[in-house]
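See below for the structure under consideration.
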Amino acid sequence: MNTSTRKIIAIALSAACAIGVGIAFAQNPPAAGMDAGGEAGMGAGMGAGDAGMGAGGMGGGDAGGMGGGPNVIVPLTKNLSEVKSGDYVLEHDHGRIVWSVSHHGFSLLSCIIPTVDGTLKFDAADVTRSQLTATAHMTTVSSLIPVFDAKLNSAVWLNTEKYPTSTFKSTKIVRTGPNELRVTGDLTFLGVTKPATMDVNFVQAGNVSPPAGGYRIGFNGKMVINRSEWGMEKSTVGDETTLTLEAEFLEPGAAAAAAH
């Protein structure tokens, strides 16, 4: 077969294929979703989906969720001198004491007293005239180790059956820095009352939601005592005891209604 013959056969086969395809399309038209209109519909659908994600999905979430931020009623301040004067009570969910001692010299043992009542009479004009009281409910002490908690409550340690509470009442407040205070008061523990001093750091105050509860004042505090001075026997467990306090105060009536 010469070259001219091969070219003629190739042209004939191509023409036959084109005719066959045309007949097939004529007998079986393509579905609407496969033509240009269908492709446009798919494009519009995807576009609408993308727009939906932007407006009502991720974008909407940012606008009304994480990106929205708290509702500010009274702007926050980190300046102690700008805190509103008045009477306040400790919010139970955000008032606790964590105490720690050396565990026979090997590590630091920490326990928590989660139930604390407290009052604060704050004087912005002269913070040294402010007054603080606190009552720790010792029966709620927890190490998260049930066996050890039983020992803590026993007469060997905290004797909570006889002394279910410990109290602190301020007698003197000294301002040691722009937002720092040294609070001295009477600490009653195991039925013994002795003076003790706590270093307090003001964190911030204001009224934002969340958290709920209205105007809120936040402090952190630290007190170091020798437990033997309040009648506990010395042992290989450390005598020096560090108490770390977390405190958020609200105006009366708001603390009980406040949520986390």
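The values are calculated or read from the model by the stated rules, or taken from the named source; none is laboratory data. Keep in mind that this is a model prediction, so the values were computed, not measured. No Cβ is skipped: glycine too gets one built from the backbone with ideal geometry, and neighbour counts run over all protein chains shown. Keep in mind that these areas ignore ligands, DNA and RNA; they rest on the heavy atoms of the full protein, side chains included. Shrake-Rupley method; radii C 1.70, N 1.55, O 1.52, S 1.80 Å.
The number of Lys pairs in the stretch 117-260 with C-alpha atoms less than 27 Å apart, excluding pairs fewer than 8 positions apart on the same chain, is 19. Other residues whose C-beta falls under 13 angstrom from the C-beta of E233 contribute a net charge of 0, scoring Lys and Arg +1 and Asp and Glu -1. For a straight C-alpha distance cut-off of 12 angstrom, the aspartates and glutamates reachable from K78 (same-chain residues fewer than eight places away being disregarded) are E180. Shape of the stretch 72-171 from the C-alpha gyration tensor: prolate (a/c of 1.5 or more and a/b above b/c, with a ≥ b ≥ c the square roots of its eigenvalues).
Between the stretch 83-155 and the stretch 189-260, the alpha-carbon centres lie 4 Å apart. Using heavy atoms of the protein chains and a probe of 1.4 Å, the accessible area assigned to I73 is about 90 Å². Rounded, prolate or oblate: which fits the stretch 162-211 when a ≥ b ≥ c are the square roots of the eigenvalues of the alpha-carbon gyration tensor, with rounded for a/c under 1.5 and prolate only if a/b beats b/c? Verdict is oblate for the stretch 162-211.
Ligands, DNA and RNA aside, S107 has an accessible area near 60 Å² when probed at 1.4 Å. Other residues lying with their Cβ under 10 Å from the Cβ of D87 contribute a combined charge of 0, Lys and Arg counting +1, Asp and Glu -1.
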